[in-house]
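Here the structure comes first, spelled out in structure tokens, and everything after it is commentary.
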Amino acid sequence: MDKKVAVVTGASGGIGAELCKKLGGDGWCVVLAARREQELKAVAAQCGVDTLVVVTDVRKRSDVDRLKEQTLARFGRIDVWVNNAGRGIGRKVLDLAESDLDEMISVNVKSVLFGIQAVVPYFQKQGAGHIINISSFLGRVPFVTDRSAYNASKSAMNMLTANLRMDLRRTHPGIKVSLVMPGVVTSEFANNAMYGTPMPPGLAGRVNAQTPQQVADILFDLIKYPKPEVYTNPSSAETAKAYYSDVGAFEEKMGRS
């Protein structure tokens, strides 16, 4: 089969679903993975004829390995693997239970590791491939402290991604590794966060949200023209620069807002 194949986790809604639709519309074979089978099937119906739905709990290595194997069995190749599945939380550091942190690490970090370790050996044999890890602007800047453990998990994802990219750059330069950092996105994410999504003081009316379609457009371009890192919202990049140029001043300003 000459058509390219993309695997997308967290494909039952939001950014993942919109990316699958765009890829399917462009003639890609699309493999949709998530826990919600009916939602996956509904999205797949909008992605063209070359689709595969694989019910997957990304917290389980065996499920992620099965996702890879079923993809290869059906389409015979993998060109792009998007680790998009994730979950938020609405608790500050001092309120976190150990189980809260475990869940954030399991969903947002281990799932990415499982995906990487499943597909990279295949990419190494082929000498090419593209891994895209969907992180968050909050993995760089503590803009919303209620996300605490989520922010920490995304920071961990960021460093796993960067270290993998450096390792593969030396040994397999044909394999591309990208980190994508959205800001606020108008998807189901906020509603599905553990303990809800409180609005921090000073941010009401100031949030410049993007739609899942807008982020999917950026991901689609990233697949065509790979880059190491992408902030989907240009203002996020400027905010990150301001934060790291003077952390103390930035945090003091945020504390007054």
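Residues that are surrounded by 14 or more Cβ atoms within 10 Å (Cβ to Cβ) and either aromatic (Phe, Trp, Tyr) or in a helix (DSSP H, G or I) (or both): does segment 167-184 have at least one? Yes, there is a match, as at least one residue in segment 167-184 is surrounded by 14 or more Cβ atoms within 10 Å (Cβ to Cβ) and either aromatic (Phe, Trp, Tyr) or in a helix (DSSP H, G or I) (or both). Quick one: in segment 13-36, of everything that is under 17 Å from Arg66 (Cβ atoms) and among the small types (Gly, Ala, Ser), which residue is surrounded by the most Cβ atoms within 10 Å (Cβ to Cβ)? Ranking the candidates gives Ala33 first. In the set Leu160, Leu138, Leu113, Leu164, only one residue is within 19 Å of Lys241 (Cα to Cα), in a helix (DSSP H, G or I), of a type outside the set (Asp, Glu) and out of contact with any Gly (no Cβ under 7 Å at 6 or more places or on another chain); that residue is Leu138. When Val31 is tested against (1) in a loop (DSSP other than H, G, I, E, B); (2) under 22 Å from Ser135 (Cβ atoms); (3) of a type in the set (Val, Ile, Thr), just one condition goes unmet, and that condition is (1). If you go through segment 120-141 and pick out every residue that is in contact with a helix residue (DSSP H, G or I) (Cβ under 6 Å, 6 or more places away or on another chain) and over 17 Å from Val230 (Cβ atoms), you end up with 1.
Scanning segment 77-110 for residues that are among the basic types (Lys, Arg) and assigned to a helix (DSSP H, G or I) yields one hit, Lys110. Cβ-Cβ contacts under 8 Å between residues 6 or more apart (or on different chains), taken from a first residue in segment 215-238 that is more than 16 Å from Val185 (Cα to Cα) to a second residue that is modelled with pLDDT of 95 or more and of a type in the set (Lys, Arg), are listed as Phe220/Lys22; Pro226/Lys176; Pro228/Arg165.
The values are calculated or read from the model by the stated rules, or taken from the named source; none is laboratory data. Fair warning: this is a prediction, and the values are worked out from it, not measured in the lab. Please note: Cβ atoms are built from the backbone with ideal geometry, for glycine as well, and neighbour counts cover all protein chains shown.
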